[in-house]
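The values are calculated or read from the model by the stated rules, or taken from the named source; none is laboratory data. Since the structure is predicted, the reported quantities are computational estimates derived from the model, not experimental observations. Note: ideal-geometry Cβ built from the backbone for every residue, glycine included; neighbour counts use all protein chains shown. The accessibility values were calculated without ligands, DNA or RNA, using every heavy atom of the protein model including side chains. Shrake-Rupley method; radii C 1.70, N 1.55, O 1.52, S 1.80 Å.
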Amino acid sequence: MNGFYEINSDRKGTNMCGIVGYIGKSQAAPILLDGLSRLEYRGYDSAGIAVYNGNELVGKKAMGKLKALSELTHDGENMPGTVGIGHTRWATHGEPSVTNAHPHFNSDETIAVVHNGIIENYMKIREKLTAKGYVFQSETDTECVAHLLDYYYNGNPLEAITKVIHRVEGSYALGIIFAEHPDKVYAVRKNSPLIVGESETGSLIASDVPAVLKYTRDVYMIENDEIAELTEDDIKFFDVDGQPIEKQSKHIDWDADAAEKGGYEYFMLKEMFEQPKTVRDTLNPRIDKDDNIFIEELGMTDEEIRDISRIRIVACGSAYHTGVTSKYVFEGMARIPVEVDLASEFRYRDPILDPKELVIIVSQSGETADSLEALKLARAKGNITLGIVNVVGSSIAREADKVMYTWAGPEIAVATTKAYTAQLIAEYLLAIKFAYVRGQITADEMHEYVGDLKKLPEQIEMLLANQTRIQKFANRYVSAKDVFFIGRGIDYAISLEGSLKLKEISYIHSEAYAAGELKHGTISLIEEGTLVAAVVTQKDLYPKTISNIREVTTRGAFVLAVTNEDNTEIENVADYVIYIPETNQYFTNSLAIIPLQLFGYYVSVGKGLDVDKPRNLAKSVTVE
């Protein structure tokens, strides 16, 4: 059996978003549905549960909201049994469908699995299993786990699980039931959250605390490469080799509302702190061990990439701002001309498109009305279209010729943070890939760029750890009437997003300007005490932007500067400086935006506003 599987990293998607499991004295299905309902805040497109009814495993799945699954199962009443697992899925691998929904089963439906995470080498596993006669029903990577468990199972569930986790690569949180062992539920974790706990009536597993708070406040946090074996009245823990280990429970004091936010005050803050993970999740499946880039779902040949004459990025809001950044990255790195269009303007000006022009549509939801119509127009003109979206099966994902997913997971707050960050990472990867294929950079240069990208998560964590200092600064400006953001080149693009973050959640009038344009009118608005946020990360432009800072300080402005850690000269002209870690000049947006996100957030909090739901705004704009 050891010769069955060889390690290889096939880069594909992930499954999210909520896991629950129960074994005990009570009926499982109602508890599973209740637990899933408490994870709805995470976002999902389908849901399913599997219960052992005393004779066999029975599964039910439904598309859409959890209500559909509740109606299908009569609130769980027509699925008797005291052992079960459940899942709400946010599709990022395989379109949203009943077939792709979890749980997934082995062929004779004696093993049921729910999964959050990414099985990166699933294609190699699938090929091996198919050659051995296994038949796959879904497009998901998760089904490979169910069949692989079947392959290794010889009557001992724990032994089969340890063999599987030695042979899969990626991240996963798994809930597993074996029909031959209906007195146990298994939970396994690697790089994807999973907890277990004991209640008065039984034991539970969940991907997040809210699902279990109704039943227990004492939970065990499963660590990487640990296995939990749950019975009605006991929980045992094992390491990756099946050896017993001891763990201590943790008492949860949060209320249910705080628990949904992971203990954070608002979803926006939680999502800002999820950005390091977002970067890793978007990068890792597309980079091999030698730092080569593989964007498998893109489906573009090297010849197609070399044949591109121009790139046009079309988007709205924050997605448009990533496009402004990417114009500088693509042109500077890959030497491809780039135009950036607001989707709401693009379709009304009868754009002139080169037949070999690649049109990239960027949208978190994949449903943005203006962006979708722009895509249709580009396709009607005969152009190849590429959608960069966060939602599998969304309209833009279906309509575009090519697609690249940003694996940010569900974003609840209206003001985007982690989805914006994921879009930047996706566009950086495209630019590096295109530059290499078109011969503009060498393999060594590509690997150097990738090395810089891989450092970003830790660097973002360092900046987020500075939140208290930024909060103190933000508290000075809760009563501000006007704030101006300035920068040149990529710094101008960063300023656009920093300004938007502030205005949309704090309701303070804020504008972003290319720093050199100040003297053409805007400088007349600067007066004593006006806050000007200057972004200064492009080294070649240091002298020019510092000159612009002097122009506003001589007119009484108070200057907040965000700059690289080597630019200490700026302390001579700025009143308050936030330094970002050293990175490649093309990637500074991913770092400089972090303190600006935090600044906007804390100004809004200081004003007592609803950060997650700013007035007059919606998460997905589906009207023109």
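Pick from SER524, SER547, SER510, SER495: which is open to solvent by less than 10 Å² (accessible area, probe 1.4 Å), of a type in the set (S, T, N, Q) and part of a helix (DSSP H, G or I)?
Checking each option against the conditions leaves just SER495.
Could you tell me which numbered condition GLU399 fails, if it satisfies all but one of (1) farther than 30 Å from SER604 by Cα; (2) modelled with pLDDT of 95 or more; (3) touching a strand residue (DSSP E or B) at 6+ places or on another chain (Cβ under 9 Å)?
Unmet for GLU399, out of (1) farther than 30 Å from SER604 by Cα; (2) modelled with pLDDT of 95 or more; (3) touching a strand residue (DSSP E or B) at 6+ places or on another chain (Cβ under 9 Å): (2).
When the stretch 270-319 is examined, which residues are found to be among the β-branched types (Val, Ile, Thr) and under 24 Å from LEU358 (Cβ atoms)?
Selection gives THR282, ILE287, ILE293, ILE295, THR301, ILE305, ILE308, ILE311, ILE313, VAL314.
Give ILE352, ILE311, ILE360 a once-over and let me know the one that is farther than 23 Å from VAL414 by Cβ and surrounded by fewer than 23 Cβ atoms within 10 Å (Cβ to Cβ).
The match here is ILE352.
Return only the number of the condition from (1) at negative phi; (2) in contact (Cβ under 8 Å) with a residue 40 or more places away in the chain that ARG189 does not satisfy.
Among (1) at negative phi; (2) in contact (Cβ under 8 Å) with a residue 40 or more places away in the chain, ARG189 violates only (2).
Which residue is nearest to ASP34 (Cα to Cα), if the candidates are limited to the stretch 181-220 and must be among the small types (Gly, Ala, Ser) and not in a loop (DSSP other than H, G, I, E, B)?
This residue is ALA211.
When the residues of the stretch 329-359 are filtered to those that are without any contact (Cβ under 8 Å) to a residue 12 or more places away in the chain and out of contact with any strand residue (DSSP E or B) (no Cβ under 9 Å at 6 or more places or on another chain), which remaining residue is nearest to GLN440 (Cα to Cα)?
The qualifying residue nearest to GLN440 (Cα to Cα) is ILE352.
Taking the stretch 472-490 only, how many residues are over 12 Å from GLY529 (Cα atoms), touching a Leu at 6+ places or on another chain (Cβ under 7 Å) and of a type in the set (Val, Ile, Thr)?
Number satisfying all stated conditions: 1.
Looking at GLU180, GLU139, can you tell me which residue is surrounded by fewer than 22 Cβ atoms within 10 Å (Cβ to Cβ) and more than 21 Å from GLY117 (Cβ to Cβ)?
GLU180
Can you tell me which residue in the stretch 573-591 is surrounded by the fewest Cβ atoms within 10 Å (Cβ to Cβ), limited to those that are touching a helix residue (DSSP H, G or I) at 6+ places or on another chain (Cβ under 8 Å) and assigned to a strand (DSSP E or B)?
Of everything passing the filter in the stretch 573-591, TYR576 is surrounded by the fewest Cβ atoms within 10 Å (Cβ to Cβ).
Given the structure, is ALA374 in contact (Cβ under 8 Å) with a residue 60 or more places away in the chain and surrounded by fewer than 19 Cβ atoms within 10 Å (Cβ to Cβ)?
no
Looking at the stretch 555-565, is at least one residue surrounded by fewer than 20 Cβ atoms within 10 Å (Cβ to Cβ) and among the small types (Gly, Ala, Ser)?
Yes: one or more hits.
Can you tell me which of GLU265, GLU304, GLU271 is surrounded by fewer than 16 Cβ atoms within 10 Å (Cβ to Cβ), closer than 30 Å to ALA415 by Cα and either over 22 Å from the mean Cα position of the chain (by Cα) or of a type in the set (D, E, K, R) (or both)?
After ruling out the rest, the residue left standing is GLU265.
Could you figure out which of (1) part of a strand (DSSP E or B); (2) over 31 Å from the mean Cα position of the chain (by Cα); (3) surrounded by 22 or more Cβ atoms within 10 Å (Cβ to Cβ); (4) among the hydrophobic types (A, V, I, L, M, F, W, C) isn't true of MET79?
Here MET79 clears every test but (1).
Here are some residues: ILE460, ILE470, ILE490, ILE486. Which one is under 20 Å from the mean Cα position of the chain (by Cα), crowded, with 21+ Cβ neighbours inside 10 Å and either modelled with pLDDT under 95 or aliphatic (A, V, I, L, M) (or both)?
ILE460
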